[in-house]
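A.B. asks: Structure in structure tokens, see below.
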Amino acid sequence: MQDMPQDEFDAIQAERAKFFTPRWFADLFAGRLSPGDTFWAGNYGPAMLVVPLLVLIALFTAKIAPGHLGPLFGGTAILAGIYRIAVLSGLFRSVRRASGPKGWARIGIAWTIFEATLLIWIGLGLVQT
């Protein structure tokens with residue numbers, strides 16, 4: 001396998017440096033990213049930070065105030081569902097703008113709708129406990 005030319009490597013690094021910045025989130029919600037980036041990075045990228053933080057918060061909550069994890073996880077699930085709806089809005093726009101086959105894009109839209117609905121439904125159940 002041939003080594004990648006330095007200019008291509010630099011271009012990839014410059015593109016990656018834009019991820020998860022305020023401008024990137026604005027582009028995500030406005031549908032200016034590709035459908036793949038919108039689905040994968042939009043739905044699952046922030047979880048790389050949120051999940052470890054939530055685990056730490058849950059650990060301390062369980063230690064300091066046992067019995068209050070339901071509202072914590074429920075509220076987090078509701079917020080994650082609302083976030084998924086915002087990503088869904090960008091995904092609709094991105095897919096509409098993209099050319100070519102749309103089969104996988106439609107599956108991504110359906111999956112995002114499913115996850116948003118499930119997160120909000122579970123979250124509401126946990127908040128009420």
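A.B. asks: Is it fair to say ILE107 is over 21 Å from PRO35 (Cβ atoms), open to solvent by 30 Å² or more (accessible area, probe 1.4 Å), at pLDDT 95 or above and not aromatic (Phe, Trp, Tyr)? Full working, then the answer.
C.D. replies: Working: over 21 Å from PRO35 (Cβ atoms): no; open to solvent by 30 Å² or more (accessible area, probe 1.4 Å): yes; at pLDDT 95 or above: yes; not aromatic (Phe, Trp, Tyr): yes.
It is false that ILE107 is over 21 Å from PRO35 (Cβ atoms), open to solvent by 30 Å² or more (accessible area, probe 1.4 Å), at pLDDT 95 or above and not aromatic (Phe, Trp, Tyr).
A.B. asks: Something else: Kindly evaluate ASP10 against the criterion of being open to solvent by 60 Å² or more (accessible area, probe 1.4 Å), charged (D, E, K, R) and either under 18 Å from ALA98 (Cβ atoms) or free of Cβ contacts under 8 Å to residues at least 12 places away in the same chain (or both).
C.D. replies: Spelling it out, ASP10 is indeed open to solvent by 60 Å² or more (accessible area, probe 1.4 Å), charged (D, E, K, R) and either under 18 Å from ALA98 (Cβ atoms) or free of Cβ contacts under 8 Å to residues at least 12 places away in the same chain (or both).
A.B. asks: If you don't mind, another one. Pairs needed: first member in the range 30-47, closer than 20 Å to ALA17 by Cβ; second member anywhere, among the acidic types (Asp, Glu); C-beta distance under 6 Å; at least 6 residues apart or different chains.
C.D. replies: Close Cβ pairs satisfying both conditions: LEU33/ASP27.
A.B. asks: Sticking with this structure for a sec: Within the range 40-98, how many residues turn out to be small (Gly, Ala, Ser), surrounded by 15 or more Cβ atoms within 10 Å (Cβ to Cβ) and not in a helix (DSSP H, G or I)?
C.D. replies: Residues that pass the stated criteria total 2.
A.B. asks: Take the conditions in a helix (DSSP H, G or I), closer than 26 Å to PHE114 by Cα, aromatic (Phe, Trp, Tyr) and open to solvent by 90 Å² or more (accessible area, probe 1.4 Å) and apply them to TRP24. Does it pass?
C.D. replies: Here the answer is no, as TRP24 does not meet what is asked.
The values are calculated or read from the model by the stated rules, or taken from the named source; none is laboratory data. Worth saying up front: this structure is predicted, and the values here are computed from it rather than measured. Here the Cβ is made from the backbone with ideal geometry for all residues, glycine too, and neighbour counts use every protein chain on show. Only protein heavy atoms, including side chains, enter the accessible area calculation; ligands, DNA and RNA are left aside. Shrake-Rupley method; radii C 1.70, N 1.55, O 1.52, S 1.80 Å.
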